1. With respect to Met85, determine if the residue is of a type outside the set (Ser, Thr, Tyr), at pLDDT below 95 and out of contact with any helix residue (DSSP H, G or I) (no Cβ under 6 Å at 6 or more places or on another chain).
2. Among the numbered conditions (1) touching a residue at least 60 places away in the same chain (Cβ under 8 Å); (2) within 24 Å of Ala135 (Cβ to Cβ), tell me where Met21 comes up short.
3. Restricting attention to segment 108-152, which residues are out of contact with any Lys or Arg (no Cβ under 9 Å at 6 or more places or on another chain), in contact (Cβ under 8 Å) with a residue 60 or more places away in the chain and outside any helix (DSSP H, G or I)?
4. Output the residues belonging to segment 101-152 that are closer than 21 Å to Val17 by Cα, more than 14 Å from the chain's Cα centre (by Cα) and of a type in the set (Lys, Arg).
5. Have a look at Pro99, Pro46 and point out the one that is assigned to a loop (DSSP other than H, G, I, E, B) and at pLDDT 95 or above.
6. Say whether the condition of being assigned to a strand (DSSP E or B) and either more than 23 Å from Lys121 (Cα to Cα) or of a type outside the set (S, T, N, Q) (or both) is met by at least one residue in segment 10-22.
7. Would a scan of segment 119-138 turn up a residue that is modelled with pLDDT of 95 or more, touching a helix residue (DSSP H, G or I) at 6+ places or on another chain (Cβ under 6 Å) and closer than 21 Å to Tyr27 by Cβ?
8. Taking only pairs six or more apart or across chains, which ones have beta-carbon atoms under 9 Å, a first residue in segment 64-90 that is farther than 19 Å from Ala10 by Cα and touching a residue at least 60 places away in the same chain (Cβ under 8 Å), and a second residue that is polar (S, T, N, Q) and surrounded by 14 or more Cβ atoms within 10 Å (Cβ to Cβ)?
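The values are calculated or read from the model by the stated rules, or taken from the named source; none is laboratory data. None of these values were measured; they are calculated from a predicted model. Using ideal geometry, Cβ is built from the backbone for each residue, glycine included, and neighbour counts are taken over all protein chains shown.
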Amino acid sequence: MTGGDESLRALTFRAIVSATMVGGEMYVAVDKEHGRVVGTACWYPPGSDCLVGEEQTSHPDVVAYFEELEGNHPALAEWFGNTLMKTMAEVATRAYGDPDYMKDKSWGLYSWAVHPAYQHKKIGTKLMAVGEALARKDRVPVCLGTESESQVRMYKQLGFELKGEGYIPPPAIDGIEGFTTYPMAKFF
């Protein structure tokens, strides 16, 4: 969602987290000794989606994200609305047979992060287990997308199936490349 512009990473993450706080379920791992967040997981139950709906899109952090895109990165804003979202729906249709499958028929994981200093300590595993338990209870899969082949391998080790892949064309910005997205699912 940054279109390769690293300066937008923090603003994008803040928008995703804020949208999750009002429209999804946010799980946080905290280092109590140092009082800092060390891991997060942004989950969306069946029937919901990230960065959609009045409650999410009117949140000040989400408004700030879209205002930054539209005001200072118009090519990126156009790409987000017209290319990224459309192409992701096409990839989902090929992967799951339904463009709304991830939104309507699964628990969707939209962001899953652990601070590098805290990785390999089972924090991410515990954050993943929370969403998996919710999906198991609802008798639906967990779905996610990644843009990293190394993450595909990691998710496969966690029991996810690769459901396909699709190329996302780049925004009309010099030096920004397109990327491949990999939809994945874990069934219970």
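1. yes
2. (1)
3. Passing the criteria: Gly108, Leu109, Tyr110, Ser111, Trp112, Ala113.
4. Lys126
5. Testing whether each residue is assigned to a loop (DSSP other than H, G, I, E, B) and at pLDDT 95 or above leaves just Pro46.
6. Within segment 10-22 (the criterion being assigned to a strand (DSSP E or B) and either more than 23 Å from Lys121 (Cα to Cα) or of a type outside the set (S, T, N, Q) (or both)), the answer is no, since none of the residues qualifies.
7. No: zero hits.
8. Pairs that qualify, where the first residue is farther than 19 Å from Ala10 by Cα and touching a residue at least 60 places away in the same chain (Cβ under 8 Å) and the partner is polar (S, T, N, Q) and surrounded by 14 or more Cβ atoms within 10 Å (Cβ to Cβ), are Thr87/Thr181; Met88/Thr181.
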